[in-house]
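The values are calculated or read from the model by the stated rules, or taken from the named source; none is laboratory data. These numbers come from a predicted model, not from an experiment. Don't worry about glycine lacking a Cβ; one is built from the backbone with ideal geometry, like all the others, and counts go over all protein chains shown. To get the accessible areas, we keep the full protein, side chains included, count just its heavy atoms, and leave off ligands, DNA and RNA. Shrake-Rupley method; radii C 1.70, N 1.55, O 1.52, S 1.80 Å.
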Amino acid sequence: MSNWKLPWNASCLCGQVKMRITAAPVIAMACHCTGCQKLTSGAYSLTLMLPTAGFSVEGETQVGALHRDDSTHHYCPRCLSWLYTTSPNLTAMGFLNFRPTMLEDASWVAPFVESQTAEKLPGAMTGAKHSFERWPAPEDYGRLMQEYALEGARPR
Ligand SMILES: [Zn+2]
Ligand SMILES: [Zn+2]
């Protein structure tokens, strides 16, 4: 039930910003909100929520894409890949939202929970086990994280 094959290496598209992950994610999510559709230029965003203590960045990042909420989105200043997101709430809990498509090997990444299906594009399918029309309720996260720790997709 562990065996996450850590550490993981990650980088932006151009390779100028490198990241290293040394702690297991606590949840894997897909978000269908229209904000994420614009941020990604795709149908939905992918997130691995990671403990801040297990995440390091080599190279400067640029903040961009100001959103409706108080999230800070970090980009590579050269290729403008969207790398990870921080917010005061997440930081207070000791987490950040990492974009797993930056992993050297993202072939195993699968969302466990999908959110904001009310704004989902008609062709967007994620395979997530749990779907929420908006966000999971705060009291749902404990249960979802416990289940993810047991069943969440791992590197092969
Ligand atoms: Zn780059
Ligand atoms: Zn979203």
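Pairs of Lys residues in the chain are counted when their Cα atoms are under 29 angstrom apart and they lie 8 or more places apart or on different chains; the count is 6.
May I ask for the Rg/Rh ratio of region 8-151, computed from Cα atoms with Rh as the Kirkwood radius, given to two decimals?
Result for region 8-151 is an Rg/Rh of 0.93.
Each label was represented as a point 7 Å from its Cα along the Cα-to-Cβ direction; for THR52 and ASN89 these points are 1.6 nm apart. A simple spin-label model places pseudo-atoms 7 Å from Cα toward Cβ; at GLN62 and SER41 they are separated by 1.4 nm.
When the accessible area of the chain is computed with all protein chains present and a 1.4 Å probe, what percentage of it is carbon and sulfur?
Working: 4430 of 8220 Å².
Taking all protein chains in place, the chain shows 54 percent carbon and sulfur surface.
Looking at region 99-156, the GluC sites (Glu not before Pro) that sit in a DSSP loop and have at most 12 other Cβ atoms within 10 Å of their own Cβ are GLU104, GLU133. Take the chain with all the other protein chains still there, run a 1.4 Å probe, and you get 53 Å² of accessible area per residue. Given R₀ = 25 Å, FRET efficiency for THR34-LEU13 by Cβ-Cβ distance, to 0.05? The computed FRET efficiency comes out at 0.55.
Suppose the chain between LEU121 and GLU151 were pulled fully straight at 0.36 nm per residue; how much longer would it get relative to their current alpha carbon spacing?
On the way: separation 30, 0.36 × 30 = 10.80 nm, distance 2.70 nm.
Full extension of this stretch gives 8.1 nm more.
In this structure CYS14 has an accessible area near 50 Å², from a 1.4 Å probe over the protein heavy atoms. If only the Cβ of Lys and Arg carry +1 and only the Cβ of Asp and Glu carry -1, the dipole of the chain around its Cα centre is close to 320 debye. Place a point 7 Å from the Cα of TRP108 along the Cα-to-Cβ direction; which residues of region 1-30 have their backbone N under 19 Å from it? The answer is 1-11, 19-30, whose backbone nitrogens lie closer than 19 Å to the label point.
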